[in-house]
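Single-structure report; data block below.
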Amino acid sequence: MIESLQLIKKVMQDQDINWQSIVLISILVILAVISFNSFVIINPGEAGVLSILGKAKDGVLLEGVHFKPPVISQVDVYDLTVQKFEVPAQSSTKDLQQLTASFAINFRLDPIEVVTIRRSQGTLQNIVSKIIAPQTQESFKVAAARRTVEEAITKRDELKQDFDEALSQRLSKYGIIVLDTSVVDLNFSTEFSKAVEEKQIAEQRAQRAVYIAREAEQEAEATVNRAKGQAEAQRLLRETLTSELLQKQAIEKWDGKFPQVLGGSGAVPFLNLDMAKS
């Protein structure tokens with residue numbers, strides 16, 4: 001009987017030791033988890049915003065290790081590297097023609113304004129959908145309204161420059177830095193495209209008509225110049241070919257033989273009878 005009581009007492013002591021071990025291990029695990037969650041690592045190209053009980057704290061967390069209260073806090077991390085999104089836009093030009101475009105926007109977040117961005121916009125998706133997309137639309141309206149649709153084609157660089165300036169000014173207020181933009185696509189209405197095609201055909205026909213007219217004018221001028229040249233040559237020939245010169249040339253070419261039959265005039269060819277009598 002005494003031995004049985006001693007055995008039961010020993011078992012109970014062993015159970016107490018096991019429970020104490022379990023409790024101790026549990027406490028150590030909890031402390032390890034709390035310690036692990038008391039620090040956050042911000043990598044290069046990132047920025048963090050500390051929120052305690054749902055309230056964002058002032059001061060951005062830059063790259064490195066930072067302490068944060070466990071359990072009651074969280075850190076939202078934002079990418080500060082260059083982001084690229086393609087945003088569509090539509091507007092009317094100065095001559096009330098419809099113009100649609102698609103812009104590739106390269107931007108990054110201003111590290112100093114990350115806390116404000118967290119409080120006002122939240123996630124990067126919200127920034128794109130609620131800030132960048134509508135401001136791109138408004139900036140394109142500003143740029144397109146300054147010129148006609150034809151000028152939008154011929155002065156595309158100026159259109160892009162006006163768009164870049166308007167967009168940079170609008171997004172800088174939200175802590176968004178625009179690095180570059182590019183026009184991915186620029187389209188016009190079907191009516192305008194048809195009008196442009198007809199205008200090009202008309203211009204080609206007009207240019208062809210001008211070319212034909214110039215060609216005819218040049219040909220007429222060349223004919224006149226040839227006629228003037230021939231007339232001048234004949235005048236000079238008449239002035240230089242005297243009777244004495246012709247007689248001299250005939251004598252030089254004569255072979256010294258008289259013809260057997262004289263012509264109706266009865267004269268020797270190229271022989272001046274008046275000169276012979278003398």
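Derivation of every value follows stated rules applied to the coordinates shown; laboratory data play no part. The shown structure was predicted, so the numbers you read here are calculated from the model rather than taken from an experiment. Virtual Cβ from ideal backbone geometry, glycine too; neighbours counted across all protein chains shown.
Numbers at a glance
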quantity	calculated
Phi to ³J(HN,Hα) by Karplus 6.51 cos²θ - 1.76 cosθ + 1.60 over the range 66-76, Hz, x for Gly, Pro	10, 7, 9, x, x, 6, 8, 10, 8, 10, 8
Contact order normalised by residue count of the range 29-126, Cα under 8 Å, 6+ apart, percent	26
Summed side-chain charge close to GLU158 - residues other than GLU158 whose Cβ falls under 10 Å, Lys, Arg +1, Asp, Glu -1	+2
Using θ = phi - 60° and Karplus 6.51 cos²θ - 1.76 cosθ + 1.60, couplings along the range 131-136 (whole Hz; Gly, Pro as x)	10, 5, 4, x, 5, 5
Local electrostatic count, TYR78, Cβ distance below 11 Å [Lys/Arg +1, Asp/Glu -1]	-3
Above-threshold pairs, the threshold being 23 Å between Cα atoms, out of LYS84/LYS130; LYS84/LYS173; LYS130/LYS155; LYS84/LYS141	LYS130/LYS155
For PHE103, distant residues with modelled amide H under 5 Å away	VAL87, ALA89, VAL184
Formal net charge of residues neighbouring ALA47 (Cβ-Cβ distance under 11 Å; K, R +1; D, E -1)	-4
Dipole in debye (nearest 20) - the range 38-81, about Cα centre, beta carbon charges: Lys, Arg +1; Asp, Glu -1	240
Karplus 3J(HN,Hα) series, Hz, for the range 47-63 with 6.51 cos²θ - 1.76 cosθ + 1.60 (x for Gly, Pro)	9, x, 10, 8, 10, 10, 6, x, 10, 6, 8, 5, x, 7, 9, 8, 4
